[in-house]
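Here is the structure we will look at.
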Amino acid sequence: MLDHSESVLQCSNIATLCAQAPLFESSDNKIKENSDLNNLGTAQCESFRESIFVKARDLAGAFRAEYDYVAKTSSYVHANRRLLELEKRLESNGFNITSSDDDIFDLSNKLARISTTYINVNGPYKALALCLELGSQYNLDFSSLVARVDNIPALLNRFKDSSLWKRKLSALCRSDIQALTRELQQTHKFFSPYSSRVSIKRHKNRKAKTEDILSRTMLENELGETFSLAEISAKNPSNPYIRFVELVTIGKGYASLAEQIGYQCLFVTLTAPSCMHRMQLLYKHHGNKKQPIKAVPNPNFDGSTPKQVNQYLAHQYELITAKLARNNIHKFGMRTVEPHHDGTPHWHLALYLHPKHIDLAKDIFREYALKQFANEKGALKNRIDFKVLQGESAMGYLVKYISKSTTGIGLNNTQNTGHENEWHGTNSIESAQSIEAWARDCGIRQFQIIGVYSVQAYREFRRLDKQQDPQLEAIRQAARDGDWAEFVNLMGGPFISRKDMETKLAYGARQRLNRDTGEIETVSTSKYGDEAKDTVIGVIHAGITILSRIHFWDIKVTPRLTEASQKIMDGVVDILDEIHFQNTRPKHDDQHIGPHFDENSFSEGWGHARAAKSALQQTKSVALDLYQ
């Protein structure tokens, strides 16, 4: 056990001020004074409560509201027990999930030092066991890392890196706060839809820090051209407006392609069982329409977190797609994930199918959607919904959900249409920001293109100059024009298998430029000592590789960066990890071309270096590759 008695993890003055705020708001939006709790329980109860509220920091108001709710619906004894349960959820081995970035940074360095000691004085397997046990003290799960990295020395080197611990601790804090505030009735239509106020506030603070980090982090290529990461992030799909345009372009292309081959859109909404929903809406009925008037706790709630619910839906979809494949039902389309008002995920799928397969596909979806909790009240009506749509009407549905989860632009939430009542009366732009916070915190990938074509290939073609080969040039032009349907057709059609594709992504060894000697060096190992993975370098056609990445990039250190370089670079990695969930494949966008942007150059000078035809790679160049 680690001793945090002298560490920054003790409750700060700010935390005490949060806990001592004179007012708190109950989940039903009633403003109450802290002194209102003084009438609950004994004098000892008051001091007991306050000791936990101080630890709760940003969550003190939510803890007070929960104590008040339990005490008045049950008893102050049950409320005290509930506080003890929440305290255990709040802290692990002295580490508080509401810790600041600086707290997390300091603890990460401490855990890395302890891991280094374990590794230096023990054999590799004993050291690994000790590192995993150390992580378990803070509820950190490294099972996926152990399964992915089979090189023991390289695996141990990762535990010696404080950035590994920082990313895991940060992700844990974000997901746990989302899950806990949702459980405490802080996330629902009439309080804070989609994401809790605490989570939204923390997300906005991280974004502000991110903007500062990106603006102060400069990349320089071999030509001496320098750009900030802020410039780059504004020109690729980490920008929600560009992400929206690209997703709409792909969706529109799929709709056009479906019309060409006579396919129809089966629009599926897949929802989790009601026991996984934290809150329930009560409605007032006006003829055929209904209006939500209140949110109440779900008495059958099983404690599922948003991440667990999404994993449940993902497993369902895996089973469904496997059975569709067994029945030779071919499909393509798009999937979006968004939260209900209480933060419970649900899926929308726009799947293009042959009309003769529509009914069988419905039966397969219905079979697996109702396989568990089939007797639950309203399961058949609420668990799954189908709409068969034609052409542009399918795209209209899709655009609405894409906008809701990216920019919020173009949505009219002032009218109650009877469909998606949770939207009515909300600010669409604020809702989009709340959904972004929810997805980032819970590690949920919002969008996925369904089909055999990666968006990466589309983006790589958009980076290329004019090609001599007529087929390649036609593909490149379709990509640059934002014509997804034509791009898919030229690549072999929507149902060609990857092994039969004539044009594919090209992968090659990572390379870097030695600026002292001018030589290009191959990067054979990662910084941890294991074999470096190949990276995308362009496209390959008829056995010939056409390079799309020809520059070498370095982080350009400025005086302001030097002072806090480690924190900044850890922050950049965290940013990139979050973006990785939200986008399909790497891309860098620039000049406006068609409905998209051109990735070829930030300036005309870039074109002169294309003769070098060397793969893009250099220390930290992964920053560009991970921006999707």
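The values are calculated or read from the model by the stated rules, or taken from the named source; none is laboratory data. This is a predicted model, so every value here is computed, not measured. Glycine also receives a Cβ, built like all others from the backbone with ideal geometry; neighbour counts cover every protein chain displayed. What goes into the accessible areas is simple: the full protein's heavy atoms, side chains included, and nothing from ligands, DNA or RNA. Shrake-Rupley method; radii C 1.70, N 1.55, O 1.52, S 1.80 Å.
Taken over segment 128-150, residues that are within 16 Å of Ala112 (Cα to Cα), open to solvent by 50 Å² or more (accessible area, probe 1.4 Å) and of a type in the set (Ser, Thr, Tyr) amount to 1.
Among the hydroxyl-bearing types (Ser, Thr, Tyr) and surrounded by fewer than 17 Cβ atoms within 10 Å (Cβ to Cβ), is that true of Tyr254? The answer is no for Tyr254. On the basis of being more than 16 Å from the chain's Cα centre (by Cα) and surrounded by 17 or more Cβ atoms within 10 Å (Cβ to Cβ), does Leu223 make the cut? No; evaluated as a whole, the condition is false for this residue. Screening Ile250, Ile293 for residues that are touching a Phe, Trp or Tyr at 6+ places or on another chain (Cβ under 6 Å) and not assigned by the TED database to the domain that holds Leu86 leaves exactly one candidate, Ile250. Is it the case that some residue within segment 200-223 is within 30 Å of Gln308 (Cα to Cα), of a type outside the set (Lys, Arg) and in contact with a Phe, Trp or Tyr (Cβ under 7 Å, 6 or more places away or on another chain)? No, there is no match, as no residue in segment 200-223 is within 30 Å of Gln308 (Cα to Cα), of a type outside the set (Lys, Arg) and in contact with a Phe, Trp or Tyr (Cβ under 7 Å, 6 or more places away or on another chain).
The listed residues are Phe191, Phe159, and the only one of them that is surrounded by fewer than 22 Cβ atoms within 10 Å (Cβ to Cβ) and either in contact (Cβ under 8 Å) with a residue 24 or more places away in the chain or over 22 Å from Gly529 (Cα atoms) (or both) turns out to be Phe191.
When the test is whether a residue is of a type in the set (Asp, Glu) and either at pLDDT below 95 or more than 28 Å from Ser524 (Cα to Cα) (or both), Asp161 does not pass it.
Residues in segment 529-541 include at least one that is farther than 21 Å from Ala474 by Cβ, more than 26 Å from the chain's Cα centre (by Cα), open to solvent by 30 Å² or more (accessible area, probe 1.4 Å) and assigned by the TED database to the domain that holds Asp500. Among the residues of segment 383-396, just one is more than 16 Å from Arg335 (Cα to Cα) and surrounded by 15 or more Cβ atoms within 10 Å (Cβ to Cβ), namely Arg383. Within segment 256-270, residues that are farther than 21 Å from Ile364 by Cβ have Cβ atoms under 8 Å from residues that are in a strand (DSSP E or B) in these pairs: Leu257/Phe332; Leu257/Tyr352, counting only partners at least 6 apart in sequence or on another chain. For segment 496-517, the criterion of a residue being among the polar types (S, T, N, Q), under 30 Å from Leu155 (Cβ atoms) and surrounded by fewer than 13 Cβ atoms within 10 Å (Cβ to Cβ) is satisfied by at least one position. Among the residues of segment 428-452, those identified as assigned to a helix (DSSP H, G or I), hydrophobic (A, V, I, L, M, F, W, C) and open to solvent by less than 20 Å² (accessible area, probe 1.4 Å) are Ala432, Ile435, Ala437, Trp438, Ala439, Cys442. On inspection, Leu40 passes the criterion of being open to solvent by 20 Å² or more (accessible area, probe 1.4 Å), aliphatic (A, V, I, L, M) and either in the same structural domain as Gln186 (by the TED database) or within 30 Å of Leu281 (Cα to Cα) (or both).
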